[in-house]
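One structure is given below, encoded as structure tokens.
Any read-out appearing in this document is the output of simple, stated calculations on the displayed coordinates, not a laboratory observation. From a predicted model like this one, the values you see are computed outputs, not experimental measurements. Cβ sites come from the backbone with ideal geometry, for glycine too, and all protein chains shown count toward neighbours.
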Amino acid sequence: MDPNIFRKLSYGLFIISSTMDGKLNGQVANTAFQITAEPAMVAIGINKNNLTHQYITNSGVFTISILPQTVPLDLIGHFGFKSGRDIDKYATVPYKLGETGAPYLLENSIGYLEAQVISSMDAETHTVFLGKVINAEVFSEEEPMTYAYYQLLKRGGAKPAEPAPQPVSEPKSEAKAVDPSTQKYQCPVCGYIYDPAVGDSDSGIAPGTAFADIPDDWVCPICGVSKDQFEPLA
Ligand code: FE
């Protein structure tokens, strides 16, 4: 089996949210898809270890907020690399409650669906929840983020709302000394790579800024890890 084939399946990127006892939580997910049109049903796959899984299992409701290609990476870090067991993720983002009480994003979302769970299937590490859609709204006609494009962004290979460049292979010369002005650094938590040629415009770091010249209070734009945690990329 060639595992690379799974990279050929196309996915979007979503914040899937739910509620339990009045508490709210959401997480990043790339698996959300329409199953039927009439009645409208969607399915999602959620890791059993996640707090959102507990909330959905308990309340039987969830929302899917669809992220645009222009979504700030730190929003993905906020919902994707932090646990609702440690922080109240919805405390700092604009949201609204659906009629089920599950929240959905009002900013950095091109629309949402709200669903009630009608069935679920065990998938070992995950549960597949099938939901009947009871509400849905389109907020904007922006391009939805795809999982592949997100992976490209994370590697510093593209900026939002710009065409994705072709990947360029970089032949390595053993004799070549590392130039600090072009040395890339990688986040040990989420894998984000800081590339001096690209910079980090979301944090005001201009292209051409060497890693050493980034302010010390800069953090990983995806997961919030501090600058001193970053490791030089071989
Ligand atoms: Fe990170």
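Overview of results
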quantity: Top-ranked residue of region 45-98 - restricted to ones that are closer than 16 Å to F14 by Cβ, part of a loop (DSSP other than H, G, I, E, B) and among the hydrophobic types (A, V, I, L, M, F, W, C), ranked as farthest from the chain's Cα centre (by Cα); calculated: V93
quantity: Enumeration of residues in region 206-231 that are more than 15 Å from the ligand (Cβ to nearest atom) and of a type outside the set (D, E, K, R); calculated: A206, P207, G208, T209, A210, A212, P215
quantity: Of the criteria (1) on the phi > 0 side of the Ramachandran plot; (2) in contact (Cβ under 8 Å) with a residue 60 or more places away in the chain; (3) polar (S, T, N, Q), which one N108 fails; calculated: (2)
quantity: Residues within region 185-230 that are among the hydroxyl-bearing types (S, T, Y), in contact (Cβ under 8 Å) with a residue 24 or more places away in the chain and under 17 Å from I76 (Cβ atoms), tallied; calculated: 3
quantity: Cβ-Cβ under 9 Å pairs, at least 6 apart or on other chains, region 35-50 side more than 17 Å from Y112 (Cβ to Cβ), far side surrounded by 12 or more Cβ atoms within 10 Å (Cβ to Cβ) and of a type in the set (D, E, K, R); calculated: P39/K132
quantity: Candidate set from region 83-106 (those that are within 12 Å of G22 (Cα to Cα) and among the hydrophobic types (A, V, I, L, M, F, W, C)); member that is surrounded by the fewest Cβ atoms within 10 Å (Cβ to Cβ); calculated: L97
quantity: Given (1) touching a Leu at 6+ places or on another chain (Cβ under 9 Å); (2) not in a loop (DSSP other than H, G, I, E, B), index of the condition I16 fails; calculated: (1)
quantity: Enumeration of residues in region 201-234 that are closer than 20 Å to Y150 by Cα, of a type in the set (V, I, T) and in a loop (DSSP other than H, G, I, E, B); calculated: I222, V225
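Okay, residues lined up against (1) acidic (D, E); (2) touching a His at 6+ places or on another chain (Cβ under 9 Å); (3) farther than 25 Å from C187 by Cβ:
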position: T19; (1), (2), (3): no, no, yes
position: Q27; (1), (2), (3): no, yes, no
position: N49; (1), (2), (3): no, no, no
position: D74; (1), (2), (3): yes, no, no
position: G111; (1), (2), (3): no, no, yes
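Here's the yes/no breakdown for (1) closer than 21 Å to P94 by Cβ; (2) among the basic types (K, R); (3) outside any strand (DSSP E or B):
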| residue | (1), (2), (3) |
| --- | --- |
| S109 | yes, no, yes |
| S119 | no, no, no |
| G131 | no, no, no |
| E137 | yes, no, no |
| E142 | yes, no, yes |
| Y149 | no, no, yes |
